[in-house]
1. Anything in segment 119-141 that is surrounded by 17 or more Cβ atoms within 10 Å (Cβ to Cβ) and not in a helix (DSSP H, G or I)? List them, or say none.
2. What helices (runs of 4 or more DSSP H) lie completely within segment 1-80 and have 2 or more residues being among the aromatic types (Phe, Trp, Tyr) and at pLDDT below 95?
3. Quick check on segment 193-216: of everything there that is part of a helix (DSSP H, G or I) and aromatic (Phe, Trp, Tyr), which residue is nearest to residue 269 (Cα to Cα)?
4. Looking only at residues in segment 226-261 that are surrounded by 14 or more Cβ atoms within 10 Å (Cβ to Cβ) and closer than 30 Å to residue 206 by Cα, which one is modelled with the lowest pLDDT?
Amino acid sequence: MERREEKKLAWRSWPANALTLTNLGAGALVCWWAASEFDLGWSPAEWLDSLGLLEAWMGITGADERRVAGLQWMLLVWMFGQLCDLLDGAVARWMGAENEQGAMLDSMADLVSAGLAPAFVGMALMMEWQAIGVLPPGWAWATLLPLTVVMAAAWRLARFSVQATSKNPDRDLETLDFKGIPAPFAALFWGGLLLIWSQCNGNEGDWLWLLGLAGATLLPLGMVSNSPQVGLKHWGANRKWDLVRLGWLLMVLLVCVILRPAGVAVALISYPMLGAISYRLLPKKTH
């Protein structure tokens, strides 16, 4: 009887696990592409070219440079993985297949796609900014700072895995979802910087290294902190927080459309602020 139930659970688990493993694979590809070439974008472009898909992809995106097309492809793969990460928990709940193994697998996938991948992309971007003279003189050491992202992600995910399976998990759907910035936000943050960088010409992106510095210092500190944050995975659990999430997403979309690259930067900064403001607005009894 128990074996039959285990088989049923295994069958119900495979759709969510497939999404989780897709996220893991996408993160691994981003790591490979970011580490393969000093100049970001060439490696994924060459990969597309080897499959005979580069010209078609450049036609779809309107990119007139192989490097830009490669950056866009890297971003698409990375964000597709993050979309799978956003959906896997909901699919597991819908299929009645939530279990500790799935939760651990999700954390392992996030460590690659939201820990290693942002660190690799961050170091590659910092090296590019150093090569073109954007980083201040004597700041070569800053190219290693993004390694703090994978360290913080490992700490954050280990803490969450322990607390999520304990009797007193750190997320409370009646208030805020998490303590500390969720690891997937690191992927969104550095993916956002990569998006802005791909759209910049000339000296337009000279200020990005400042955001990169914040992404390699303040972001990891926020990940390992106990500051309350609003998660984006628990739709339907609480109507009030669904409205908060929806309002923030609509605001982000509007800002990105109006301000373009600068809007992406504003959207990235707004997420940690959302948690801090929401926490202040909560009734005292829920703190």
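The values are calculated or read from the model by the stated rules, or taken from the named source; none is laboratory data. Bear in mind the structure is a predicted one, so any value in this text is a computation, not a measurement. Here Cβ is always computed from backbone atoms with ideal geometry, including for glycine, and neighbour counts include all displayed protein chains.
1. 134, 135 - these are the residues of segment 119-141 that are surrounded by 17 or more Cβ atoms within 10 Å (Cβ to Cβ) and not in a helix (DSSP H, G or I).
2. Per the criteria, 2-36, 42-50.
3. If we filter segment 193-216 for residues that are part of a helix (DSSP H, G or I), which is where we start, we get 193-199, 208-216.
Then keep just the ones that are aromatic (Phe, Trp, Tyr); that gives 197, 209.
Numbers: 197: 17, 209: 15 Å.
Residue satisfying both the conditions and the ranking: 209.
4. Selected residue: 261.
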